[in-house]
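Report on the structure given below.
The values are calculated or read from the model by the stated rules, or taken from the named source; none is laboratory data. Just so it is clear, the model here is predicted, and its values are computed rather than measured. Backbone-built Cβ (ideal geometry, glycine too); neighbour counts: all protein chains shown.
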Amino acid sequence: YERTFIAVKPDGVHRRLVGEIIRRFEKKGFHLVGMKLVQPSEPLLKEHYWGLRQKPFFSGLIEYMRSGPVVAMVWQGLDVVKMARRMLGETDPADSLPGTIRGDFCMEVGRNVIHGSDSVKMAQREISLWFNPDELICWENSSQPWRYQ
Ligand code: GTP
Ligand code: MG
């Protein structure tokens with residue numbers, strides 16, 4: 001199955017939303033294959049947000065992401081990249097529907113609690129940027145027959 005990179009941003013960690021966020025992914029049925037608490041370095045973040053380097057909010061974004069620990073995760077499942085993005089909501093919490101993570105837990109685009117890869121290709125790039133291969137665990141998904149036909 002497909003994999004995506006999800007990160008609870010520093011505001012989400014400080015606001016004790018980690019458990020709630022993991023709970024949503026678990027209940028949906030996705031399979032956790034990697035997870036760690038990290039204090040991301042500036043070079044890592046600049047690489048991660050390379051595509052946004054020209055944006056006026058870039059330095060603020062890097063500062064925000066460095067302001068505390070991040071919970072980095074890899075989740076696996078059917079269409080997980082697209083489905084996780086739907087669970088997150090829109091980039092701007094103001095446009096995010098209730099029921100989504102950003103719709104339920106935050107107000108501003110610069111404090112939007114969570115990151116999710118926006119394509120399968122970006123997911124592969126982000127997973128290899130944030131995780132060593134030996135940090136990704138293959139373990140039996142015993143509930144799989146009850147989630148997939
Ligand atoms: P991520 O899942 O975090 O990548 O969000 P996204 O894919 O919905 O948005 P995008 O990749 O375009 O932007 C990455 C992050 O930059 C966003 O999640 C915001 O935290 C931040 N960001 C994007 N647009 C703005 C903006 O207009 N102002 C500010 N202050 N931050 C922004
Ligand atoms: Mg993005």
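Couple of notes before you dig in:
- Residue check: MET65 meets all listed conditions (1) more than 20 Å from VAL109 (Cα to Cα); (2) part of a helix (DSSP H, G or I); (3) within 16 Å of ligand 2 (Cβ to nearest atom); (4) not small (Gly, Ala, Ser) but one, namely (1).
- For region 32-57, taking the residues that are hydrophobic (A, V, I, L, M, F, W, C), in a strand (DSSP E or B) and in contact (Cβ under 8 Å) with a residue 40 or more places away in the chain, the one that is surrounded by the fewest Cβ atoms within 10 Å (Cβ to Cβ) is identified as VAL38.
- When region 1-26 is filtered for residues that are over 18 Å from TRP139 (Cα atoms), out of contact with any Ser or Thr (no Cβ under 7 Å at 6 or more places or on another chain) and in a helix (DSSP H, G or I), the ones remaining, listed by number, are ASP11, GLY12, VAL13, HIS14, VAL18, GLY19, GLU20, ILE21, ARG23, ARG24.
- Unique residue being farther than 15 Å from ASP11 by Cβ, within 10 Å of ligand 1 (Cβ to nearest atom), surrounded by 14 or more Cβ atoms within 10 Å (Cβ to Cβ) and not aromatic (Phe, Trp, Tyr) when the list is ARG125, ARG85: ARG85
- For the criterion of being under 21 Å from MET122 (Cα atoms), surrounded by 13 or more Cβ atoms within 10 Å (Cβ to Cβ), modelled with pLDDT of 95 or more and in contact with a His (Cβ under 7 Å, 6 or more places away or on another chain), ALA7 passes.
- Taking region 104-122 as the range and being away from ligand 1 (no atom under 13 Å from the Cβ) and either of a type in the set (Gly, Ala, Ser) or surrounded by 19 or more Cβ atoms within 10 Å (Cβ to Cβ) (or both) as the test, only PHE105 passes.
- Restricting region 81-108 to residues that are touching a residue at least 40 places away in the same chain (Cβ under 8 Å) and in a helix (DSSP H, G or I), the residue that is farthest from ligand 2 (Cβ to nearest atom) is PHE105.
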